[in-house]
Amino acid sequence: MQIGLLGYGVVGAGVDHLAKELDGLDVRKVLCLNLADVTGGRGVTDIAEIVDDPEIDTVVEAMGGLHPAWEFASSALRAGKNYITANKALVAAYLPELLELAQANGAALRCTAAVGGGIPWLINLERCRRVDTVRRIWGVFNGTTNFILDAMHRQGADYAEALATAQKLGYAEADPSADIDGDDVRRKLVISVAAAFGALVREQDVPMFGIRTITARDVANFRALGKTCKLIASAEAGKTVSASVEPVLYSAGTPESAIPENFNLVSFESTNAGHQSYYGQGAGRYPTAYNMVQDCLDVRSGTRRFYTKDFVRAEVDNTNVFRHYYVRTNAEDAWLDSVAAAKGDGFAVTAAISQAKFHEWAAVQRQSDPTLFFAALQ
Ligand code: HSE
């Protein structure tokens with residue numbers, strides 16, 4: 001396999017190192033900012049040198065971001081080159097277009113490292129669907145937020161302190177918004193929904209609430225209730241597809257409640273295999289590079305399809321998902337009062353209510369109370 005590698009940062013350099021150890025994976029050119037970073041005179045600064053190179057059959061992208069990644073992906077696929085990426089923003093935003101281009105040009109499209117870093121998640125959804133029907137997927141898909149929540153629960157850290165530690169350890173970006181507000185998780189969920197159910201949902205249709213406003217006081221309340229808070233993505237397929245990203249409170253003894261530090265735990269439930277979970281490092285140089293190189297080997301062995309054969313566009317409908325919610329808000333609200341089943345010091349716990357209705361209410365309530373925090377009870 002003759003590879004054109006896009007990006008030579010933490011992950012790109014990791015791919016290059018791992019590929020060197022394997023026979024038959026030749027990183028022929030590397031698109032990079034600094035030619036001196038790349039050995040053997042392989043560095044190039046113009047994408048055309050890769051897309052127009054007839055010797056290169058596969059483009060491996062480790063850049064991130066929507067642009068110019070989309071322009072690079074579409075020109076590589078149009079040139080009939082396989083496209084392997086860890087770029088969840090790109091795949092979540094452009095999946096229908098990428099699928100069409102890959103199919104029209106007989107090229108492979110794979111992104112195993114985009115969801116769960118080094119965890120074999122998407123490929124096991126693919127394997128499951130060969131003989132079974134996936135009903136539900138859920139889990140901890142983001143290491144940064146898990147690190148923050150774990151530090152708040154286990155070490156009594158407050159939110160700002162835990163975030164600063166996550167930044168110091170290199171888990172959270174200088175601007176941590178995509179992690180803490182849930183965008184990163186939502187992108188991973190959109191890709192997982194495609195692989196699990198063959199359903200193409202739009203990112204912006206999935207309701208999302210992150211952990212930006214959680215306080216040490218909330219965590220003390222959760223502990224008093226015997227619960228641990230995790231940022232959870234979940235989706236279920238039946239007649240319709242439900243999907244959401246929100247904090248969820250788990251009881252002690254559940255696998256989710258025990259996930260430490262920056263680890264991920266992602267699970268599915270299928271008709272015959274039942275419940276399976278995958279635990280591991282969802283980010284980092286070598287875990288991510290590991291799954292990108294695995295994709296290269298699968299494509300070299302003839303894999304072409306994007307995890308599942310057929311896709312249908314689907315709307316997200318959470319109307320019939322019912323949850324109890326812990327809600328802390330300092331703005332009076334008559335609807336919240338009408339659905340509260342219990343009240344504590346500064347918080348309410350609702351009766352089982354429609355998730356769709358609740359997220360709509362929370363989006364409005366946030367305008368009058370930006371400190372609002374909520375979590376669903378598992
Ligand atoms: N920022 C992500 C996380 C890693 O913390 O899990 C890449 O998806």
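The values are calculated or read from the model by the stated rules, or taken from the named source; none is laboratory data. Please read all numbers here as calculations on a predicted model, not as lab measurements. Cβ coordinates were reconstructed from backbone atoms using ideal geometry, including for glycine residues, and neighbour counts include every protein chain displayed. The accessibility values were calculated without ligands, DNA or RNA, using every heavy atom of the protein model including side chains. Shrake-Rupley method; radii C 1.70, N 1.55, O 1.52, S 1.80 Å.
Before moving on, here are some points about what is shown:
- Condition check for L109: touching a Pro at 6+ places or on another chain (Cβ under 7 Å) and among the hydrophobic types (A, V, I, L, M, F, W, C): no
- Qualifying residue in region 155-177 (condition: among the hydrophobic types (A, V, I, L, M, F, W, C) and closer than 19 Å to A376 by Cβ): no
- Restricting region 297-309 to residues that are assigned to a loop (DSSP other than H, G, I, E, B) and not hydrophobic (A, V, I, L, M, F, W, C), the residue that is nearest to N264 (Cα to Cα): Y307
- V364 vs. criteria over 24 Å from the mean Cα position of the chain (by Cα) and under 20 Å from S251 (Cβ atoms): no
- Residue match in region 233-240 (condition: touching a Leu at 6+ places or on another chain (Cβ under 8 Å), open to solvent by less than 10 Å² (accessible area, probe 1.4 Å), assigned by TED's automatic domain parsing to the domain that holds A199 and assigned to a helix (DSSP H, G or I)): no
- Yes/no for Q294 being at pLDDT 95 or above, farther than 30 Å from A224 by Cβ, assigned to a strand (DSSP E or B) and not acidic (D, E): no
- Condition broken by V266, with the remaining ones in (1) surrounded by fewer than 17 Cβ atoms within 10 Å (Cβ to Cβ); (2) farther than 30 Å from G80 by Cβ; (3) hydrophobic (A, V, I, L, M, F, W, C) satisfied: (1)
- Here region 175-221 is the region considered, the condition is being more than 13 Å from the ligand (Cβ to nearest atom), assigned to a loop (DSSP other than H, G, I, E, B) and among the hydrophobic types (A, V, I, L, M, F, W, C), and the residue that is surrounded by the fewest Cβ atoms within 10 Å (Cβ to Cβ) is V201.
- Applying the condition of being open to solvent by 10 Å² or more (accessible area, probe 1.4 Å) and within 16 Å of the ligand (Cβ to nearest atom) to region 93-119 and asking which residue is farthest from V190 (Cα to Cα) yields G118.
- Scan of region 306-323 for residues that are open to solvent by 50 Å² or more (accessible area, probe 1.4 Å), touching a strand residue (DSSP E or B) at 6+ places or on another chain (Cβ under 8 Å) and not hydroxyl-bearing (S, T, Y), ordered by number: F311, V312, R313, E315, D317, N320, F322, R323
- Whichever residue in region 143-174 is open to solvent by 50 Å² or more (accessible area, probe 1.4 Å) and assigned to a loop (DSSP other than H, G, I, E, B) and, among such residues, is farthest from the ligand (Cβ to nearest atom): G156
- Residue within region 129-138 that is open to solvent by 10 Å² or more (accessible area, probe 1.4 Å), of a type in the set (V, I, T), away from the ligand (no atom under 16 Å from the Cβ) and not assigned by TED's automatic domain parsing to the domain that holds A92 present: yes
- Members of region 247-259 found to be open to solvent by 30 Å² or more (accessible area, probe 1.4 Å) and either within 14 Å of the ligand (Cβ to nearest atom) or touching a Leu at 6+ places or on another chain (Cβ under 7 Å) (or both), listed by number: P255
- Selection of helices (runs of 4 or more DSSP H) fully inside region 1-118 by the criterion of at least 2 residues being of a type in the set (F, W, Y) returns 69-78.
- The number of residues in region 339-378 being open to solvent by 80 Å² or more (accessible area, probe 1.4 Å) and assigned to a helix (DSSP H, G or I) comes to 5.
- The set of residues in region 275-291 that are in a helix (DSSP H, G or I) and of a type in the set (S, T, Y) comprises Y286, T288, Y290.
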